[in-house]
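**Q** This structure is in structure tokens; I'll ask about it shortly.
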């Protein structure tokens, strides 16, 4: 049922106004016209502009990859340093255990926990190297 054909009390209840209706229709048509113009402008974007945009996106992607490579290489350097420290600690634990056995003293074996940490760090470094190889293969 069109709003205008409703009974007077319902029209009054909903505060119907012909002028507001006309304004709303005009605004809706204007929004539709602007949308159609924007769609037409986007469709009219020539190939050169699209190519420029694709090139910019490709450059941004390469920059992200280079940043990721630099980050992973810093992580690899830090892991190498940690592995070196752990290797020194394992060597020291072996030496302490050997000297304690030679002297006939009791000692707490610290080599196994340190070796476990060292193995975990080496696995982490191998995984990181694989990631770096994949990143560098797809620049």
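The values are calculated or read from the model by the stated rules, or taken from the named source; none is laboratory data. As the structure is a computational prediction, the values presented were derived from the model and not from experiment. Neighbour counts are summed over all protein chains in view; Cβ atoms, including those assigned to glycine, are modelled from backbone coordinates with ideal geometry.
**Q** Starting from region 108-119, take each residue that is exposed (fewer than 13 other Cβ atoms within 10 Å of the Cβ) and list its partners that are modelled with pLDDT under 90, counting only C-beta distances under 7 angstrom and pairs at least six apart or across chains.
**A** 109/97
Conditions tested, residue by residue: (1) part of a helix (DSSP H, G or I); (2) free of Cβ contacts under 8 Å to residues at least 60 places away in the same chain; (3) loosely packed, with under 12 Cβ neighbours inside 10 Å.
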| site | (1), (2), (3) |
| --- | --- |
| 57 | yes, yes, yes |
| 64 | yes, yes, yes |
| 106 | no, yes, yes |
| 129 | yes, yes, no |
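**Q** List every residue pair whose Cβ atoms sit under 8 Å apart, with the two residues 6 or more apart in sequence or on different chains, where the first one lies in region 71-97 and is without any contact (Cβ under 8 Å) to a residue 24 or more places away in the chain and on the phi < 0 side of the Ramachandran plot and the second, anywhere, is surrounded by 12 or more Cβ atoms within 10 Å (Cβ to Cβ) and assigned to a helix (DSSP H, G or I).
**A** These pairs meet every condition: 93/111; 93/114; 94/111; 97/111.
**Q** Does any residue of region 47-65 turn out to be closer than 30 Å to residue 120 by Cβ and touching a helix residue (DSSP H, G or I) at 6+ places or on another chain (Cβ under 9 Å)?
**A** Yes - at least one qualifying residue is present in region 47-65.
**Q** Within region 72-95, restricting attention to residues that are under 19 Å from the mean Cα position of the chain (by Cα) and surrounded by 12 or more Cβ atoms within 10 Å (Cβ to Cβ), which residue is farthest from residue 137 (Cα to Cα)?
**A** Only one residue tops the list, namely 75.
**Q** Then there is this: Select, from 22, 40, the only residue that is part of a helix (DSSP H, G or I) and surrounded by 10 or more Cβ atoms within 10 Å (Cβ to Cβ).
**A** The unique qualifying residue is 22.
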